[in-house]
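J.: Structure provided below as structure tokens; questions to follow.
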Amino acid sequence: MTWLSATLITLATAAAMEFVAWFSHKYIMHGFGWAWHRDHHEPHDNKLEKNDLFGIFGAALSIALFTIGNPLVIGDAAWPPAFWMGVGVLLYGIIYTFIHDGLVHQRFFKWVPKRGYAKRLVQAHKLHHATIGKEGGVSFGFMIARSPAKLKAELAAQRDSGKARLRTKI
């Protein structure tokens, strides 16, 4: 496999993980996985959250792909593109950790962006946390952030229709 192919597979997988994360966040974390995700939406002083357990699933996916793609582990049955897909899942996990946990929730460093896309990511995720409970909400992805004005309008419509209860005035 060429380095170009490996790089493209890695980047395509990392990009596809944004959809996987959006789907998992909207339908699993705000669905049957709410028991683990709830503490992420509620104020607390703990260093760790039950929500952090979801990272185990991403790590398991990455490890499984590394294994499937590695001839040193499974011999001739290995499918080399899977190794690079595992790298893409790992890359997304690293980006997610630094942006979501580090930048947005300030778990690792204290820096509040004043402009640009980083500010937009923070605003979009803060608006995601504006709802009380698992119902309703906006911005379930982590790397793609829609316009804060559009997200605020969507939240207001959800509030007015009774679909969502809001924590703060938007």
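The values are calculated or read from the model by the stated rules, or taken from the named source; none is laboratory data. If you're wondering where the values come from, they're calculated on a predicted model, not measured in any experiment. With ideal geometry, Cβ positions are generated from the backbone for all residues, glycine too; neighbour counts draw on all protein chains shown. What goes into the accessible areas is simple: the full protein's heavy atoms, side chains included, and nothing from ligands, DNA or RNA. Shrake-Rupley method; radii C 1.70, N 1.55, O 1.52, S 1.80 Å.
J.: Percent of Cα-Cα pairs more than 21 Å apart in segment 1-90, please.
T.: 44 percent
J.: Report Rg (one decimal) and Dmax (nearest whole number) for the chain, counting Cα atoms only, units Å.
T.: 18.1, 59
J.: For N70, which sequence-distant residues (separation of 5 or more, or a different chain) have an amide H within less than 5 Å of its own amide H, given hydrogens modelled in the peptide plane?
T.: W79
J.: Still on this model: Hey, with R₀ at 45 Å, roughly what FRET efficiency would F108 and I74 work out to, going by the Cβ-Cβ distance, to 0.05?
T.: Calculated value: 0.80.
J.: Then there is this: Defining a contact as two alpha carbons under 8 Å apart and six or more residues distant in sequence, what relative contact order in percent does the chain show?
T.: About 22 percent, as a whole number.
J.: In Å², what does the accessible area per residue of the chain work out to with a 1.4 Å probe?
T.: Accessible area per residue: 61 Å².
J.: What residues have an amide H closer than 5 Å to that of A164, excluding those fewer than 5 places away on the same chain, when H is modeled at 1.01 Å from N in the peptide plane?
T.: For A164, whose amide H was placed from the backbone, the distant partners under 5 Å are R159.
J.: Convert each backbone phi in segment 65-74 into a coupling constant with the Karplus relation 6.51 cos²θ - 1.76 cosθ + 1.60 (shift: θ = phi - 60°), then list the ³J(HN,Hα) values in order as whole Hz, x for Gly and Pro.
T.: Once θ is set to phi - 60°, the couplings for segment 65-74 become 5, 4, 5, 4, x, 10, x, 5, 9, 10 Hz.
J.: Which of the aspartates and glutamates could a cross-linker span from K26 if the Cα-Cα distance has to be under 15 Å and same-chain partners fewer than 8 positions apart are dropped?
T.: E18, E135
J.: Using a 1.4 angstrom probe on heavy atoms only, work out the carbon and sulfur share of the accessible area of the chain in %.
T.: Carbon plus sulfur share of accessible area: 67 percent.
J.: What order do T13, T2 take when sorted by accessible area (1.4 Å probe), most exposed first?
T.: The most accessible residue leads, giving T2, T13.
J.: A further question on this structure: Pick from L11, L72, L61: which is most flexible by mean-square fluctuation in a GNM of the chain where alpha carbon atoms under 10 Å apart are linked?
T.: L72
J.: When the Karplus curve 6.51 cos²θ - 1.76 cosθ + 1.60 is applied with θ = phi - 60°, which whole-Hz ³J(HN,Hα) does each residue of segment 6-14 get, with x for Gly and Pro?
T.: Couplings: 4, 5, 5, 4, 4, 5, 5, 5, 4 Hz.
J.: Next up: With a Cα-only, solvent-free Debye model of segment 103-166, what are the log10 I(q)/I(0) values at q = 0.25, 0.29 Å⁻¹?
T.: Evaluating at q = 0.25, 0.29 Å⁻¹ gives log10 I(q)/I(0) of -1.03, -1.22.
J.: While we're looking at this one, here's another question. Rounded to the nearest 10 degrees, what's the angle between the helix 116-128 long axis and the longest principal axis of the chain, both from Cα atoms, 0 to 90?
T.: 70 degrees
J.: Under the rule that an exposed site lies in a DSSP loop and has at most 14 other Cβ atoms within 10 Å, name the longest stretch of the chain with no chymotrypsin sites (Phe, Trp or Tyr not before Pro) of that kind, not counting the sites themselves.
T.: 1-107
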